[in-house]
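Engineer: Following this message is one structure expressed as structure tokens.
The values are calculated or read from the model by the stated rules, or taken from the named source; none is laboratory data. Note that the coordinates shown come from a computational prediction; the quantities given were computed from them, not determined experimentally. Backbone-built Cβ (ideal geometry, glycine too); neighbour counts: all protein chains shown. Please note that ligands, DNA and RNA were not included when accessible areas were found on the heavy atoms of the full protein model with its side chains. Shrake-Rupley method; radii C 1.70, N 1.55, O 1.52, S 1.80 Å.
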There are 2 protein chains.
Amino acid sequence: MAEHTICLLVKLGQVAFRIAEDGIGGTGLRVRPTASCRPLADNAAMPQLALGAFLRIDPATMVTSLDDLERAGYAERTRDPQDRRRYAVDITDDGRKILADLNRTLAGLDSEILADLGATERHSLHALLGSLAESPALTAMFDAVREQNSAKRA
Amino acid sequence: MAEHTICLLVKLGQVAFRIAEDGIGGTGLRVRPTASCRPLADNAAMPQLALGAFLRIDPATMVTSLDDLERAGYAERTRDPQDRRRYAVDITDDGRKILADLNRTLAGLDSEILADLGATERHSLHALLGSLAESPALTAMFDAVREQNSAKRA
């Protein structure tokens with residue numbers, strides 16, 4: 001199905017996921033929990049629901065990811081000071097350290113997976129993927145699919 | 001983790017997978033089984049093991065995918081004429097018809113997910129993803145991860 005861009009994205013996404021998960025193994029964090037860690041380092045504590053929405057992770061997966069991170073000592077849940085009925089999530093000092101390691105690991109993996117592309121191609125690919133990730137049309141489609149699936153489950 | 005290309009690939013791959021699976025729903029085929037169908041239409045019957053290797057799908061997943069396709073009447077397993085102990089896999093006429101529908105669906109999804117990119121950007125993205133999918137370095141890394149995982153399971 002290589003003639004469709006969506007199929008290339010699915011295929012390369014699966015390949016990238018397996019390589020990332022394997023490469024991150026050493027830090028003791030899996031890919032998905034780690035994705036939750038990142039915006040915390042950038043944005044400080046966030047309400048748990050806002051973090052899930054930001055990451056486009058469904059609430060159930062979000063809870064599992066945070067359980068993993070909390071058990072590992074990389075994040076902690078506290079009561080949201082804005083609304084005591086809800087949880088806020090914050091990264092710990094250990095979380096920040098592991099995130100720095102992780103950034104080095106991911107930069108190394110980027111060099112490896114893109115080894116056959118020239119510098120210009122790498123930059124173009126990164127910029128195009130970045131544009132696509134920010135695309136309102138794609139985001140709207142994905143949100144529609146997620147809402148449909150949530151509705152089916154409810 | 002948006003500054004790493006590998007993270008963009010993982011993220012967009014998951015988004016593309018959910019959108020593709022949702023969009024393909026109408027044809028009654030899931031994304032992974034459908035991926036098995038395609039090379040059969042291009043290459044005619046293939047030994048089951050060769051098909052799995054070609055698609056980089058592990059043997060267990062391959063069997064499940066083929067079971068689904070066979071049940072739906074889109075593929076059939078026969079004894080490999082080259083080696084009677086092994087199975088060959090071939091696509092049926094119904095399989096070819098559904099594949100034509102599927103190609104139209106996927107072309108439509110491409111237009112939708114890439115709606116915010118210009119024509120030049122779409123072509124560049126497609127070409128770059130195609131190069132990456134063919135990259136010997138990436139293929140070698142992925143194969144190494146798969147072999148490691150198979151070894152762990154054995």
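Engineer: Taking the stated definitions as given, is B:LEU106 without any contact (Cβ under 8 Å) to a residue 60 or more places away in the chain and under 30 Å from A:GLU134 (Cβ atoms)?
Structural biologist: Numbers: without any contact (Cβ under 8 Å) to a residue 60 or more places away in the chain: no; under 30 Å from A:GLU134 (Cβ atoms): yes.
No.
Engineer: If you don't mind, another one. Please tell me if B:ILE19 is in contact with an Asp or Glu (Cβ under 7 Å, 6 or more places away or on another chain) and at pLDDT 85 or above. Can you show your working first?
Structural biologist: Numbers: in contact with an Asp or Glu (Cβ under 7 Å, 6 or more places away or on another chain): no; at pLDDT 85 or above: yes.
Answer is no for this residue.
Engineer: Next up: Please tell me if B:THR5 is out of contact with any Phe, Trp or Tyr (no Cβ under 8 Å at 6 or more places or on another chain), β-branched (Val, Ile, Thr) and at pLDDT 75 or above. First the steps, then the outcome.
Structural biologist: Details: out of contact with any Phe, Trp or Tyr (no Cβ under 8 Å at 6 or more places or on another chain): yes; β-branched (Val, Ile, Thr): yes; at pLDDT 75 or above: yes.
So B:THR5 passes the test.
Engineer: For B:LEU117, all conditions in the list (1) assigned to a helix (DSSP H, G or I); (2) modelled with pLDDT of 90 or more hold save one; what is the number of the exception?
Structural biologist: Exception for B:LEU117: condition (1).
Engineer: Select, from A:ALA60, A:ALA133, A:ALA151, the only residue that is under 27 Å from B:ASP110 (Cα atoms), open to solvent by 50 Å² or more (accessible area, probe 1.4 Å), aliphatic (A, V, I, L, M) and out of contact with any strand residue (DSSP E or B) (no Cβ under 8 Å at 6 or more places or on another chain). Show your work before the answer.
Structural biologist: Numbers: A:ALA60 fails: under 27 Å from B:ASP110 (Cα atoms); A:ALA133 fails: open to solvent by 50 Å² or more (accessible area, probe 1.4 Å).
After ruling out the rest, the residue left standing is A:ALA151.
Engineer: Also, quick follow-up: Working carefully through the options B:THR139, B:THR120, B:THR105, find the one that is open to solvent by 80 Å² or more (accessible area, probe 1.4 Å) and within 14 Å of chain A (Cβ to nearest Cβ). Spell out the reasoning first.
Structural biologist: Details: B:THR139 fails: open to solvent by 80 Å² or more (accessible area, probe 1.4 Å); B:THR105 fails: open to solvent by 80 Å² or more (accessible area, probe 1.4 Å).
After applying the criteria, what remains is B:THR120.
Engineer: Check A:ASP110 against each of (1) open to solvent by less than 30 Å² (accessible area, probe 1.4 Å); (2) more than 7 Å from every other protein chain (Cβ to nearest Cβ); (3) touching a Ser or Thr at 6+ places or on another chain (Cβ under 6 Å) and name the one condition it does not meet.
Structural biologist: (2)
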